[in-house]
Amino acid sequence: MKTKIFFTTIAMIAFLGLSNSTFAQTKWARHHPRRAEVNHRLANQDKRIDYKEDNGKMSKREANKIHNEDHQIRHEERAMASQNHGHITKQEQKTLNQQENHTSTQIKNH
């Protein structure tokens, strides 16, 4: 009887340990540094577009066009992350940063 209780206790501890590590990995993926950097830049660019539009330095049409490009980059980032357990690779980050650089230049030039 004691052996059965011992093995049941060990099984419960192992199960709880595995479920906690799975939760930690999911939480970590959501806040992965490469994803956070890309998404922070996108949010900052959205603010820059809105600021220029609000101050008359960019037309609504131009702002919508660049917002749509930002939306496409964000969509691509999510698609990349979904293929890699919530992470993006360094190469994917580089690709996204190049796209963001192009968008940033468009914002600056308007």
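Using a 1.4 Å probe over the heavy atoms of the protein chains, calculate the carbon and sulfur portion of the accessible area of the range 29-110 as a whole percent. Before the final figure, lay out the partial values.
On the way: 2540 of 5300 Å².
Within the range 29-110, the accessible surface is 48 percent carbon and sulfur.
Length gain on complete extension for the stretch Asn109 to Lys65, per 0.36 nm per residue less the alpha carbon to alpha carbon distance? The partial results should precede the final answer.
Numbers: separation 44, 0.36 × 44 = 15.84 nm, distance 1.39 nm.
Gain on stretching Asn109 to Lys65: 14.5 nm.
Tell me, what ³J(HN,Hα) does each residue in the range 84-94 have, in order and in whole Hz, if you take phi through Karplus 6.51 cos²θ - 1.76 cosθ + 1.60 with θ = phi - 60° and put x for Gly and Pro?
Karplus values, whole Hz, x for Gly and Pro: 9, 6, x, 10, 10, 7, 4, 5, 5, 4, 4.
The values are calculated or read from the model by the stated rules, or taken from the named source; none is laboratory data. Keep in mind it's a predicted model, so treat the numbers as computed, not measured. Protein only, heavy atoms only, side chains kept; ligands, DNA and RNA dropped before computing areas. Shrake-Rupley method; radii C 1.70, N 1.55, O 1.52, S 1.80 Å.
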